Structure formats: C-alpha cells, structure tokens
Amino acid sequence: MRQRQASQGTLRAREFEAFVAGAAGRLLHAATLLTAESPDDNPRARRLLTLALAHTYACWDRLRGEDPYDRARQYLALRFAHGAWRRHGLLLGGRTHPSSPLSELAPQERLIVVLRLYEGVAEEQTAALLGLPPERVRTICDRATATLLHPPRGPAPAVVGAKVAAS
C-alpha cells in the first residue's frame, strides 16, 4: 500500500513538473502584465505565479480532466483582483512600472485586457470569472484598448527661445 502511494506521489510530482515546465513562462508573463511591473523586476508577479502554482498543485488530484492551466490562470486572475481590491478598496489605481505596456490602465482594465486579449478567454467566461455582466466586460475591454491605442496626451511642450520671423 505504501509503495503504491509513493509511486502515485512520484507520478503526481512528475506530471506537475511537466505542467510547470510548459506553463510557467506564459503564466509569469500574464502575471507581469497584470501587475504592470518590469519583466526584469517583477516580485509581485512572481509571488502571484507562486501562489497560483501552489494552489494548482494542492488541487492536482481533484482536477480529473479539467485543464490545469485554466485552473492556474483563474486563480492568478482572482488573486490579483482580490489583492488590488484589498489594497485600494477598488480595482482602481496601483503601483506600476512606467515602461510597462499596460501601466496606463487601472487594475480592472489590465485584468480584463490580459484575460481577453492575451489569454484569449471568451467574454462570457471572463464575465463569469469576475462576476460582471458581459456588457460591462466588453465596455471595459473596449475602453482599455482605446487607451492603449491612443494614450492620453500630456500638456503640449513649451517652445523656448523660438524666434518669430517677420513677414
């Protein structure tokens, strides 16, 4: 009996290691986009990834045909949303890295953009995961995409020392 449990544990560990080898890079990139940190300096993203992988490993035996990547991605997204809510009271504002491509977006916008556009999750699934109506998810995604495509402009730079030519 012990030998069978040991071999099942070894098999479970090997399966999980194979999953991590294949999925950790993409999950880390998604977490880095969510936290809007620099890819070289992303401690919050690495923490999110570690928590998502630990959760996935803890429920590995109960997956039974369910995609472990989906489970890890869902946990990653929910953990990010919960952390942003707890830190800021809303899914607004947050500490971002200025060179991050998604740093202009609020956490909720980043979450929806990453799930919808980077991960390719359907609008209805994203809405169900976040507890929002699909129309709201569509609106937030459209607004965030518009912000990314046409970033807000700052004040026009002042022209110093320019001489006006007399006609």
For the stretch 108-146 and the stretch 36-90, compute the distance between their C-alpha centroids and round to whole Å.
-> 17 Å
Using a simple charge model, +1 on the beta-carbon of Lys and Arg, -1 on the beta-carbon of Asp and Glu, nothing else, what dipole does the stretch 25-88 show about its Cα centre, in debye to the nearest 20?
-> 240 debye
Ordering of 36-48, 112-124 by packing [mean C-beta count within 10 Å, highest first] | 112-124, 36-48
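Bear in mind these aren't lab numbers, they're just calculated from the coordinates by the rules spelled out. This is a predicted model, so every value here is computed, not measured. Here the Cβ is made from the backbone with ideal geometry for all residues, glycine too, and neighbour counts use every protein chain on show.
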